[in-house]
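Please treat every number below as a calculation from the coordinates, not as lab data. Since we're looking at a predicted model, the values are computed, not measured. Note that we place each Cβ from the backbone using ideal geometry, even for glycine, and neighbour counts take in every protein chain shown.
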Amino acid sequence: MTDQKPFNLNGIIERDAERKRTRKSAEKVLTFRDYLNLLKEDPRIAQNSPGRLLEIILSYGTTEVPEKERWSIDDGEPVSVRYGLFTKKLFGVDKPIFQVVKYFKAGANRLSTGKQILLLVGPTASGKSTFVNILKRALENYEARQVFAIDGCPMLEEPLHLLPRHLRAEFEKELGIRIEGDLCPVCRYKLKEEFTESDGVVKWFDVPVKTFRFSIQGTRGIGSFEPSDEKSQDITELVGRENIAIASTKGPDHPLAYSLTGELEKANRGICEGRELIKADEKLLWVFISVAEEKELKVQGSSFPHLYVDTVVVGHTNLTEYKKFSTKQENEALHDRMFVVQFPYPLEIKEEIGIYKKLIEEESDLNRISEYHIAPGSFEMAALFAVLSRLSPSQMGIDVLTKAKIYNGDRALTEIRDKDKKPVDTRELREEGQSSDDIMKREGMFGLSSRDILSAINTALVKQNNGCLTPLTVIRALRDLFEHRMGYSPEEVKRFKELLSAGEGGSVITEFREFVIRSVSKAYLKAYQDLARELFKRYVNEVKFYREQKRKHVRGHFDVAREDITGRPKEPEIKFMRSIEEHIPIAESEADVFRGEVLEFVASNPGFSFETYTPLARAVEEKLLADSRATLTLVLASDKPKDSEAKKRADDLFSELTQKDGLGFCPICAKEIVGKAAEFLSE
C-alpha cells in the first residue's frame, strides 16, 4: 500500500486554467489620469528598477547572521543578514549577496554607486549565473504591486513619461516621487497622431496604460546579452535595428523606421544580464555604461534622440577575463564605471555540502539516487577536499586543515592558538586569506569547483553496486577525478593529490582517520554517556577546588573538603585533571592558565555544559576511550576469539551505528568503518 495520491490530470488542467483566469482578471487598462490617482495612493508603483529588485529580495524575508559567524566587508560593515530569496539555492556567498543588496539600495535611492554596471567576478561555477537567474525568476513572479506601461509601447515604458515637462515639478511635489525620462519615438508619435486635437491640445491624460508581467521568454523587462565574435557582433543586438518596410516607404526619419527590439530596450523596467560581459567589444561596453550611468541609449543610425532606459545591468565574468580586462591601461575609464563584487567558492564545509545536496536534488534522477545510501562522512570528506583546495597557507602558524575547521565553526580558544600562543582571531584569519593583490590568489578564487567534486561523487555512485556510497569510495573517486578533468596545471594536480594523501600535515586522510575513530568511539561510548557527563562535571568542580586552594589575594570563606577517614583537608586531584587536559591537549606548564580560563568561561556562559562546550566534552570522551581502548581493540578485532562479553559489546556497537536514531550508518558502511577503525587503532 502507498499513501501517494492518484494522478489527477483533469484537476491539474483545471488548476492551471483557474490560475490563468485569475491572472487575466487582474490585468488592468486605465487612462493615465487614473494611473496618477493610483500613484497618489501608492507611489511605489512607479519605483525604479533597482528599487523593484530590492523590494523583491526583501519580500522573501531575512534571517539574522549569528554574531560569531559575521565578518566584515571591505568598508568594515559586518555581514549581518542572509536573504531568504537565495538561501536554498546559493551557499557560502553571504558576503557578495550582502554587497549586491547594498548596490540595489544605492540604485533605489539614485546614489552614484547604483549608476555603475554591477559586475560579478569569480571562478567558474561559483554561482554568478545562478544568482542572476534567481533574480530573473523572482522578477517574473513579482506580485507585490502591479506594474504599468504605456499601452502599445515597445519598451513598456513608465507612464509618467507622458507628463509634460512644465508640469513635472508640481506632480513630483504632489505625489512624492521623482519623475525621470522622456517618451520613446513610438509613443511620442502615437501621442501626436491619436491624442492631439485640431486646436493643438494634447490629451496626454487620456492615453491608456496597462499592467504587464515580467517575462524571460516573452522578453518583457528582462534581457540578456552574450558576446560573440567581434567581427560578426552587431550593436543592433543591444539597441534595435532599422525597420526596412517603414524606412523604405516613409523615410529613415519616421518615428517607426527603427524597431526598438534590442536587448537593452527589452530589459527596460527590469534587468539586463551580460554574460561574460567584459569580453564584449569596447563600443558595446560603452553602450552598457551609458545605460547604467545616464540611463540613456542611442539607436545607432537613426535620427532618434537618446532613449531613456531604466534597467539594472548585471554582468558576470570569469577570473581570467577579468584579470586581462582590469590590467589594461586603455580600459581605465571603463574600470571606474563598474561596481565589482567577488563571487568566490564557499570556504565553509557545511556550505559546500549544501551545494552538493542542491545539485543532486535538482539535476539527478532522484528515484535512482534514493536507492543509494549516502554514508555519514561521504559528503563531508568531499567538501573538506574542495575547501582545502581553496585555502592558502597561513603565516599564523596554522595548517590548512585546522583553518578549514575554523572557517567551518569548529573552533575553541583553548584549542586553536597561533604561533605566539594567542587565540586565533577568525576575522584576522579571513582577512589574511583575502590580502593578496592578485584576485586569483585570494582564498575562494582558486581551487576545485563544486561541480568538479560532484562529478567525482556521481562517478562513485554509478560505480557502486552495493547500494552505499561510503567516505572511502568518495576519496578513491576524488583521486581519479583528474584523469577526466582538464584545465589544471601539473603543479595544481600534484597539490590536490597531496591533500588526499596520508603524509604529514593536514589532509583529507588525516580527517578521515579522525572521523572513523570518532564515529566508532561515539557508538562504543554511547553506553558511557552518563559517566562522561559525570567526569565532565567532576573536572569542573576539581578546577574550582584547585583554584580556590591557589588563591593568594582574594580568598573568601568556603567549606574545606576533607578526607572521609583521616579528616585531613583534601588535596586537588591533579592527576585526574591532567588525565583529561592532555587530551585537549594542554601542556603541564600551561595547566594553571587553562584552568583559570575555564572558570572565566563558565562564569560568562550560563549555558556551559557537556553538550555546549565541545573541546572539554571531547577530551572527556577521549579519556574514556583511552581507558577502554584495549577492550575496544578486542571488540573490533576479527582475527581474535571473543568471549560473550566482547561479542555483546561488538553487537551493541553495530546496533548503535545502524539503528534508525543512531549515527546513520547502514550495515555496508558500518562494516567498512569498523574495519578501518580496527586498522587505525592497531597501528
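In order along region 61-70, phi translates into HN-Hα couplings of x, 10, 10, 6, 7, x, 3, 6, 9, 7 Hz, rounded to whole numbers, per the Karplus curve 6.51 cos²θ - 1.76 cosθ + 1.60 with θ = phi - 60° and x for Gly and Pro. Simple point charges give the picture: +1 on the Cβ of Lys and Arg, -1 on the Cβ of Asp and Glu, and for region 1-129 a dipole about the Cα centre of about 440 debye. Using a Förster distance of 45 angstrom, determine the FRET efficiency expected from the C-beta separation of residue 41 and residue 537, and round it to 0.05. With a Förster radius of 45 Å, E is 0.10.
Simple point charges give the picture: +1 on the Cβ of Lys and Arg, -1 on the Cβ of Asp and Glu, and for region 29-342 a dipole about the Cα centre of about 660 debye. Each Lys and Arg adds +1 at its Cβ and each Asp and Glu adds -1 at its Cβ; summed about the Cα centre, the chain shows a dipole of about 960 debye. Taking amide H atoms as placed 1.01 Å from N in the peptide plane, the amide H of residue 340 lies under 5 Å from those of 119, each 5 or more residues away in sequence or on another chain. Only loop residues by DSSP count here, and only those with at most 16 other Cβ atoms within 10 Å; note down the GluC sites (Glu not before Pro) in region 144-191 that meet that. Answer by residue number: 180.
Taking the longest Cα principal axis of the chain as reference, the axis of helix 644-658 is set at about 10 degrees.
For a quick check of your reading of the filter: which trypsin sites (Lys or Arg not before Pro) in region 289-349 sit in a DSSP loop and have no more than 13 other Cβ atoms within 10 Å? Answer by residue number: 328. Positive-end ranking of 118, 196, 520 along the dipole of the chain, with charges on Cβ about the Cα centre, is headed by 520. Along region 477-491 the Karplus relation, 6.51 cos²θ - 1.76 cosθ + 1.60 evaluated at θ = phi - 60°, assigns HN-Hα couplings of 5, 5, 5, 7, 3, 6, 6, 10, 10, 9, x, 9, 6, x, 5 Hz to successive residues, with x for each Gly and Pro. Among beta bridges from DSSP that stay inside the chain, the antiparallel ones total about 50%.
From least to most packed, judged by other beta carbons within 10 angstrom and beginning with the fewest, 381, 486, 396 follow the order 486, 396, 381. Taking every DSSP helix (H) stretch of at least 4 residues in the chain, weighting each as -39,500 (n - 2.57) and dividing the sum by the residue count yields a mean residue ellipticity at 222 nm of -14500 deg cm²/dmol.
Give the angle, between 0 and 90 degrees and rounded to the nearest 10, that separates the Cα long axis of helix 591-604 from the longest principal axis of the Cα atoms of the chain. Helix 591-604 sits roughly 50 degrees off the main axis of the chain. Taking the DSSP beta bridges with both ends in region 29-342, the antiparallel portion is around 50 percent. Of the GluC sites (Glu not before Pro) found in region 219-274, the ones in coil according to DSSP and having at most 15 other Cβ atoms within 10 Å of their Cβ are 230. Put simply, the amide H of residue 408, placed in the peptide plane, has neighbours under 5 Å in 349, leaving out anything fewer than 5 places away on its chain. For the chain, averaging the sequence separation of C-alpha pairs within contact (under 8 Å, six or more residues apart) and dividing by the residue count gives a relative contact order of 12 percent. Enter the angle in degrees (range 0 to 90, nearest 10) between the Cα long axis of helix 165-175 and the first principal axis of the Cα atoms of the chain, meaning the one along which they spread out most. Long axis of 165-175 versus the principal axis of the chain: about 40 degrees.
Rounded, prolate or oblate, given the Cα gyration tensor of the chain, with a/c below 1.5 counting as rounded? Note, shape of the chain comes out prolate. Close amide H contacts of residue 62 (hydrogens built in the peptide plane, cut-off under 5 Å, sequence separation of 5 or more or a different chain): 84. Fully extending the segment from residue 633 to residue 592 would add 11.3 nm, taking 0.36 nm per residue of separation and subtracting the current Cα-Cα distance. The 3J(HN,Hα) values that the Karplus relation (6.51, -1.76, 1.60; θ = phi - 60°) gives for region 312-326 are, in residue order, 8, 8, 10, x, 9, 7, 8, 5, 4, 5, 5, 5, 4, 5, 6 Hz. Gly and Pro appear as x.
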